[in-house]
Every structure is written in C-alpha cells, then in structure tokens.
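What follows is a single structure, written as structure tokens, with notes after it.
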Amino acid sequence: MFFGETAINLDAKGRMALPTRYREDLEAACGNRLVLTYSAFDAGCLWLYPEPEWERVREQVMALSTFNSSHRSLQRRLVGSATQLEPDGNSRLLLPVTLRQVAGLEKRVVFMGMGQRFEIWNEEILMQRRIEEEKEIQEKASSEMAQLVL
C-alpha cells in the first residue's frame, strides 16, 4: 500500500527520481516493472502502476462494452496511452514526452502514493485543485464520507 507525497524536479530529459522509500517495495512487488498512463479523471495528472496492479485494471477497463462511447474513451485514455517503464541504474523514470505534455508536467511535480498506484501531478495544478477541493468538501461530502471517523 503506497502513501505519502514527494515534490520532485524533472530533469531536462523528462526524468524523475523514484522516491527512495518506494524502491524496495516496488522491486519486491513487480521487479520494477511499471506502467504509466493518464489519469482517468484529472487533468494535470498521470497514474503509475506496478505491472501486476496495472494488469488487473487493464482487464477491467477492456471488459467494458465498446458499444458505449464513454467506455471507448476510457479505454483509449488508460489502455491505449499506457507505456511500460523501468527505472534506470540511477532509479530514474523517463516520462514519455507525449504523456508529460498532455498532463502539463514541466519542472516541478508531486509524486503521491495512492494505495495500489501512484499519481504524478503538475505541482501548480495540484495546489489549485487542493484549494478548490477544500472549499467544496464540506458541501459535497457523500454519506459514506460523513460516516468516516478521521
């Protein structure tokens, strides 16, 4: 289970260092075989999966009927745009230019552990998103959220 966030600089080639605290767990979980794709829901964000978790997600997404246009869009966004990654000898991940451009990832990114996957955010977009979410969370809290004891 991945959690926590790390602010990271992308280098000129679009590489980011994999945070030290996740390296051993990723080696054990997937032999450092990772899959990067767009977020299904958020602009300014990419999702990074350990390969076994990605395979589960991919199977679910591809099991959706292609007769539904929103299913096809999700399949294109997640599966069609996915790319396999492995850290280099210095534990850096090279983020493909097309995915970086669409997500708006430039110099500063935030790497977040989100349970079974990671999110890689444009730092400015994430900060703006947090401001918006803080304003909305009270009025839009679901009944499930209202029952949480935090």
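Just so it is clear, none of the values below were taken in a lab; they were calculated from the coordinates. This is a predicted model, so every value here is computed, not measured. Note that we place each Cβ from the backbone using ideal geometry, even for glycine, and neighbour counts take in every protein chain shown.
Rounded, prolate or oblate: which one fits the stretch 1-131, using the alpha carbon gyration tensor with axes a ≥ b ≥ c (rounded when a/c is under 1.5, else prolate when a/b beats b/c, else oblate)?
Judged from the Cα gyration tensor, the stretch 1-131 comes out oblate (a/c at least 1.5, b/c at or above a/b).
What residue among ARG77, ARG21, ARG100 has the largest mean-square fluctuation in a Gaussian network model of the chain, using Cα springs under 10 Å? In this elastic network of the chain, the residue with the biggest mean-square fluctuation among ARG77, ARG21, ARG100 is ARG21. When the chain is described by a simple charge dipole with +1 on each Lys and Arg Cβ and -1 on each Asp and Glu Cβ, the residue from ALA103, SER143, PHE2 located farthest towards its positive end is ALA103. Take the Cβ atoms of GLU124 and PHE67, set R0 to 25 Å, and the FRET efficiency comes out at 0.05. Taking θ as phi - 60° and the Karplus parameters 6.51, -1.76 and 1.60, the scalar couplings of the stretch 50-64 work out to x, 3, x, 5, 4, 4, 5, 5, 4, 4, 5, 5, 6, 7, 5 Hz in sequence order, x denoting glycine and proline.
Could you grab the relative contact order for the stretch 1-129? Cα pairs under 8 Å, six or more apart, rounded to a whole percent.
Reported relative contact order: 40 percent.
Shape analysis of the stretch 1-56 yields a ratio of the Cα radius of gyration to the Kirkwood radius, Rg/Rh, of 0.96. One decimal place: the segment GLU132-ARG23 gains 36.0 nm when fully extended, by the rule 0.36 nm per residue minus the C-alpha distance.
Scalar couplings 3J(HN,Hα) for the stretch 12-23, obtained by applying the Karplus form with A = 6.51, B = -1.76, C = 1.60 to θ = phi - 60°, are 4, 8, x, 9, 10, 6, 6, x, 3, 5, 9, 4 Hz; x denotes Gly and Pro.
Straight-line cross-link partners of LYS107 among the lysines, defined as a Cα under 22 Å from its Cα and at least 8 positions apart when in the same chain: LYS13. For ARG117, the residues whose amide H sits under 5 Å from its own are PHE2, ignoring neighbours fewer than 5 places away on the same chain, with H placed 1.01 Å from N.
What is the gain in length, in nm to one decimal, between GLU86 and ASN9 on full extension, counting 0.36 nm per residue of separation less the C-alpha to C-alpha distance?
Numbers: separation 77, 0.36 × 77 = 27.72 nm, distance 1.83 nm.
Between GLU86 and ASN9, full extension yields 25.9 nm more.
What is the ratio of the Cα radius of gyration of the stretch 68-137 to 2.2 N^0.38 Å, where N is its residue count, to two decimals? Walk me through the numbers before you get to the answer.
On the way: Rg = 14.6 Å, N = 70, 2.2 N^0.38 = 11.1 Å.
Normalised Cα radius of gyration, the stretch 68-137: 1.32.
Largest GNM mean-square fluctuation across GLN75, GLN138, GLN84, computed for the chain with C-alpha springs under 10 Å, falls on GLN138.
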